[in-house]
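Read-outs throughout are calculated quantities, based only on the coordinates presented, and are distinct from any laboratory measurement. Just so you know, these numbers come straight off a predicted model, no measurement behind them. Backbone-built Cβ (ideal geometry, glycine too); neighbour counts: all protein chains shown.
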Amino acid sequence: MQVTHQVSDDMLAGYAAGTLPEAFNIVIATHLTLCPAALERLRLFQDLGGVLIEETEPVALAPGSLESTLARLIAEEPPAPAPPAPVLSCDILPEPLSAAVGGDIAAVRWRPIGMGARQAIIPTTGPATLRLLRIPGGAALPDHGHSGTEMTLVLQGAYCDGADVYARGDLEIADEATEHTPTAEPGPACICVVAAHGRLRFSGLLPRLAQPFIRI
Ligand code: ZN
C-alpha cells in the first residue's frame, strides 16, 4: 500500500507537541498506523523537540564536567537506530480509532444522512468533532465549504477530489479556502474518518435544510 497524501508538517508538529484537539489527534494517530513515511517524520519532530528542550534548559556545570561529558560522548558508541514500529493494520478501523469506536467496523452504529450515505458520530472532548462517513461507490457528497479545518482519512475504498484520488491511508486537509465535492470512486463504499473544527457551509438548499439533523 502506497500512501500518497501524508499529514502536513504543521499538523504533525501540533500532534507531536500535544496541542491539537482530541478528534484531530485520533485521525493523525490512525494515519500514522497506515503510513510508515509519516511515522518516520513524526520521529524526526520528536527528536527535534528533544534537542530544543535540551538547548533551552541551561544547567550550571561543575568544574571539569564539560571535559568529562565530552570524553564520555567521544567514547560512547553512536546509538543504534530504533527498530521500526509495527505499522500495518488489516482492520478497517486501526487501533487508535477502534479504541474510540469500541470495536472494528461491525461495532459502528451508522445513521443515514441521505442519498445512501451514512455517518456515525464518535464522542470526543475538545472543540473539534469526529465522525465516520460511509459513501456508496460512485456517489458524491454535497458541494460544500468550511468554517474551520477539516481532516479526512480514508479507511476503505477511495474518493476523488478534483484531480486527486485518496485511497486507504491517504489524508486530506481542507480549510476555509477549500470548496469541494468529494466523490467516492466506483466500487466498494468509501469509508472515511473526518475530524472537523467548525461547521460545513453547503451551497445547496437541501443539504442546508438537513444540516441541523445530521449535525455536520
Ligand atoms: Zn470538506
### Query
If you add up the charges near ALA196, with Lys and Arg at +1 and Asp and Glu at -1, over every other residue whose beta carbon is less than 9 angstrom from its beta carbon, what do you get?
+1
### Task
For every other residue with a beta carbon closer than 13 angstrom to the beta carbon of MET11, add +1 if it is Lys or Arg and -1 if Asp or Glu, then tell me the sum.
-4
### Query
Around GLY148, with a cut-off of 13 angstrom between Cβ atoms, what is the net charge of the other residues, counting Lys and Arg +1 and Asp and Glu -1?
-1
### Message
If amide hydrogens are placed 1.01 Å from N in the peptide plane, which non-local residues have theirs closer than 5 Å to the one on HIS146?
### Response
THR178, ARG201
### Query
What ranking, highest mean first, results for peptides 26-37, 171-182 when packing means the other Cβ atoms within 10 Å averaged over each residue?
26-37, 171-182
### Gyration tensor (alpha-carbon) shape descriptor, the stretch 158-211, a/c threshold 1.5
prolate
### Message
Quick check on the stretch 133-194: take the gyration tensor over C-alpha atoms, sort the square-rooted eigenvalues as a ≥ b ≥ c, and tell me if it's rounded (a/c under 1.5), prolate or oblate.
### Response
prolate
### Summary
So for the stretch 85-180, using the alpha carbon gyration tensor with a ≥ b ≥ c as root eigenvalues (a/c under 1.5 gives rounded; past that, a/b versus b/c decides prolate or oblate), I'd call it rounded
